[in-house]
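Have a look at the structure below, then the notes.
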Amino acid sequence: EYVVACGRLIALTDDGRLYMLDAADDPPQMLWSVKLDQVLPAATNHQKSIRNWQRTTVYDRQPDAYAPVGQLTGFGLPLFRGRRLVVLNPWTGQQMWIQDNLPDDSRLAADADRLCVISESVSQIQVRNLRNGALRQSIPLPDWWTKGNSLYDVSVRHIELEAGTEYPWRIAVEGTRCLMFTVQPDSAMLTSYELSSGTSTWPNVAWRAQLS
């Protein structure tokens, strides 16, 4: 199931129902709830057949790409299933906007009023205004994202490092930032990327740690 917090808001799902709580009081007070099947279509065959199809990292024991509910911000709560994206007002539960006919492999990343819709099947990231759904820009899916798929569910301890080869892990997505960890036989590197632009945010000069 799903639990995520943003400020005083706590969103959680249980038995197919989404609840929004206000944690300003003790105990938290429920603001609203909705049955997910009332606002979202059924999952597609693709979504049903692939375990954790919504994942954004290679370690999705934790829900880094929540589905069918996306990342909570103070401006909106996105939901995606089938080919429909619905954004709810986090305080009232009212629908703010709907976008249909999106690729059914779409994954969500949100930060403040920005929503990134990531699709590998069309090799694209849509950057939308979380408040009204307006498309701000579309960018090609960066190579570093697709390279991060190569080590699905594999630990760095379980591979044999070969000279001249890089081994990339997409280890965390927080808001619209993605943290990549790249290992070579003699070094390791952490790089942070901004999904809305596809560019690295740090380090400008790669920080490397020598491996003993």
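Annotations for the structure displayed:
- Full extension of the chain segment joining residue 135 with residue 98 gains 12.1 nm, where the gain is 0.36 nm per residue of separation less the Cα-Cα distance.
- Under 11 Å, Cβ to Cβ, from residue 147 - net charge with Lys/Arg +1 and Asp/Glu -1: -1
- The slack between residue 166 and residue 188, meaning 0.36 nm per residue of separation minus the straight C-alpha distance, is 7.0 nm.
- Radius 15 Å from Cβ of residue 160, net charge of other residues (Lys, Arg +1; Asp, Glu -1): -2
- Per-peptide packing, taken as the mean over residues of other Cβ atoms within 10 Å, places 116-127, 159-170 in the sequence 116-127, 159-170 from highest down.
- Shape call, region 67-171: gyration tensor on alpha carbons, a/c limit 1.5: prolate
Taken together, the values in this text are just the output of simple stated rules run on the coordinates, not laboratory data. Being a predicted model, the structure only gives us computed values, none of them experimental. Glycine gets a Cβ as well: all are built from the backbone with ideal geometry, and neighbour counts include every protein chain shown.
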